[in-house]
Structures are given as structure tokens and as C-alpha cells.
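Each remark here refers to the structure printed beneath this line.
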Amino acid sequence: MGELVLYNYWRSAASYRVRAALALKGLEAREVMVDLSAGAHRQADYLKVSPQGIVPTLAHDGAVISQSLAIIEYLEEVFPENPVLPADPAGRARVRAIAVAVAAEIQGRTGTRVREYLEETWDAATMRDWYRHWGRAACEGVEGLLAGHPDTGVFCHGDRPGLADCFLYPQIGALRRREVDLSGFPVMQRIAEACAIHPAFIAASPETHPARKADSRF
Ligand SMILES: N[C@@H](CCC(=O)N[C@@H](CS)C(=O)NCC(=O)O)C(=O)O
């Protein structure tokens with residue numbers, strides 16, 4: 001098996017999803033930083049890797065894979081040890097549904113390029129209201145998938161962290177950084193507390209990432 005190469009950025013929530021999945025599965029990847037703050041994702045050399053101009057992207061054995069969900073599913077299929085998806089089809093579907101709810105309905109509406117476009121015309125207060133509105137609206141749906149469901153445990157699905165947590169926890173970090181009030185979402189908050197002290201999420205975290213320490217702007 002060839003080397004895993006992960007194009008990502010330490011601050012990116014979508015990148016954190018894949019770093020967390022790698023850590024949970026006990027896999028190592030060589031990381032290539034794509035500095036979103038400096039616009040490296042829009043440069044011609046990176047657009048050859050990711051025509052969408054987004055991180056993360058995984059390169060492995062001649063395959064170049066974009067989209068965090070597709071990347072983690074690829075890792076799961078190629079490296080089945082330490083699974084991040086449950087064994088049963090209904091459980092797998094539930095975990096994927098939580099992941100897509102986070103990726104599409106929280107991050108899709110409030111992600112970097114959407115914000116950058118709106119920031120060109122909106123003032124800071126309008127931006128803040130918009131972000132908080134969509135952040136909370138999407139969280140209501142995710143909390144609904146988790147609260148009271150018999151398969152919700154310490155983590156999103158049972159008592160071991162998996163793919164759904166790889167999506168949920170980084171997104172909660174992004175919402176908190178923008179001061180979205182998460183007080184109506186106790187299950188999400190409880191799961192976030194469990195992730196915060198789990199070694200895989202600590203190892204993959206933006207806060208502890210070597211590229212952050214090397215970046216004098218932060
Ligand atoms: N659906 C994509 C989202 C990827 C994404 O939006 N990544 C952000 C960083 S968290 C990015 O590259 N933003 C650059 C941009 O939007 O121009 C995935 O799950 O991988």
C-alpha cells in the first residue's frame with residue numbers, strides 16, 4: 001500500500017474530520033498544508049489536485065479523492081481495521097445521515113466561500129445574524145437526529161467515536177468560534193465534551209496542529 005497524502009489546512013473543519021478519522025483508525029498520512037488564509041486553494045497547482053478548490057483532498061495509490069465523506073468512506077473500505085462505521089446497514093445509514101446533515105446543512109450553508117461572498121456586501125451585524133440563524137436552524141435538525149434515539153450513546157452512535165463524530169465535533173468548534181448559542185442542544189454539547197477529551201480528537205485538533213504553532217499569524 002502506498003503513502004496516504006492529505007492535502008488539508010489546520011484550521012479547516014472539513015480537514016479536521018479526516019484527520020480525526022485517520023487518528024481513530026490508527027492511520028498515518030503525510031500532510032500537505034493548503035493555506036486557505038493565503039488563497040493557496042485558488043492557485044493553479046492546487047486546482048489540478050482539487051478542481052473545486054477546497055480542502056481536504058486525499059491522494060493514495062494513484063487515486064485523488066475529494067469530499068471529506070468520500071475520503072473517510074474510502075479509508076474505511078481500504079483499511080477496515082478500527083472501523084468508524086457500524087456493522088449493520090441501518091446503523092451505517094444513520095451515521096451517514098448525521099454526517100450529511102452536518103456537512104450539507106450546517107457547513108454547506110455557512111462555509112468559507114459563502115461567507116466571503118456575503119461579506120462583500122453585508123455589514124458585520126447582518127453577517128452575524130445570518131450565520132447564527134442558519135447555524136442554529138441546522139443544529140435543531142442534528143439535535144433531533146441524536147436526542148432520544150436508542151443508538152445515541154456517549155458518542156453519536158454508541159459509546160465509541162466514529163464517522164458521525166468526525167463531522168459533528170469539528171463543526172461545533174466552528175459554531176462556537178462564531179459565538180452561535182448552542183444552549184438548546186444538550187446532546188450535541190454532551191457529545192462534544194466526550195470528543196474533546198478523546199485522544200484521537202486531541203491528536204487531530206487544529207489547536208495542537210504543528211502548522212498552527214509554526215504560523216506566526218495565529
Ligand atoms: N463538502 C466539502 C466541504 C469542503 C470545504 O468547504 N472546505 C473548506 C474548508 S473547511 C474550504 O476548502 N473552503 C475554501 C472555499 O470555500 O473557498 C467536504 O466535506 O470536504
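The values are calculated or read from the model by the stated rules, or taken from the named source; none is laboratory data. If you're wondering where the values come from, they're calculated on a predicted model, not measured in any experiment. In this analysis, Cβ positions are derived from the backbone assuming ideal geometry, glycine residues included, and neighbour counts consider all displayed protein chains.
When the range 39-95 is filtered for residues that are among the charged types (D, E, K, R) and within 30 Å of ASP159 (Cβ to Cβ), the ones remaining, listed by number, are GLU73, GLU76, GLU77, GLU81, ASP88, ARG92, ARG94. When ALA211, ALA192, ALA196, ALA204 are screened for being at pLDDT below 95 and either surrounded by 14 or more Cβ atoms within 10 Å (Cβ to Cβ) or under 26 Å from ALA147 (Cα atoms) (or both), only ALA211 passes.
Checking ILE71, ILE65 one by one, the residue that is at pLDDT 95 or above, more than 28 Å from GLU179 (Cα to Cα), in a helix (DSSP H, G or I) and within 18 Å of the chain's Cα centre (by Cα) is ILE71 and no other. Taken over the range 86-107, the criterion of being more than 30 Å from TYR131 (Cβ to Cβ) and crowded, with 21+ Cβ neighbours inside 10 Å is satisfied by no residue. Mind checking which residues of the range 42-58 are more than 8 Å from the ligand (Cβ to nearest atom) and either aliphatic (A, V, I, L, M) or assigned to a helix (DSSP H, G or I) (or both)? Listed by number, the residues that qualify are ALA44, ASP45, TYR46, LEU47, LYS48, VAL49, LEU58.
For the range 23-32, taking the residues that are surrounded by fewer than 19 Cβ atoms within 10 Å (Cβ to Cβ) and of a type outside the set (Lys, Arg), the one that is farthest from the ligand (Cβ to nearest atom) is identified as GLY26.
Output the number of residues of the range 168-206 satisfying the condition of being closer than 17 Å to LEU22 by Cβ and not hydrophobic (A, V, I, L, M, F, W, C). Qualifying residue count, the range 168-206: 6.
Restricting ALA174, ALA104, ALA137, ALA124 to residues that are within 14 Å of the ligand (Cβ to nearest atom), free of Cβ contacts under 8 Å to residues at least 24 places away in the same chain and either under 28 Å from GLU31 (Cβ atoms) or out of contact with any helix residue (DSSP H, G or I) (no Cβ under 6 Å at 6 or more places or on another chain) (or both) narrows the list to ALA104. Of all the listed residues (ALA20, ALA14), the sole one being more than 9 Å from the ligand (Cβ to nearest atom), part of a helix (DSSP H, G or I), surrounded by 17 or more Cβ atoms within 10 Å (Cβ to Cβ) and of a type in the set (A, V, I, L, M) is ALA20.
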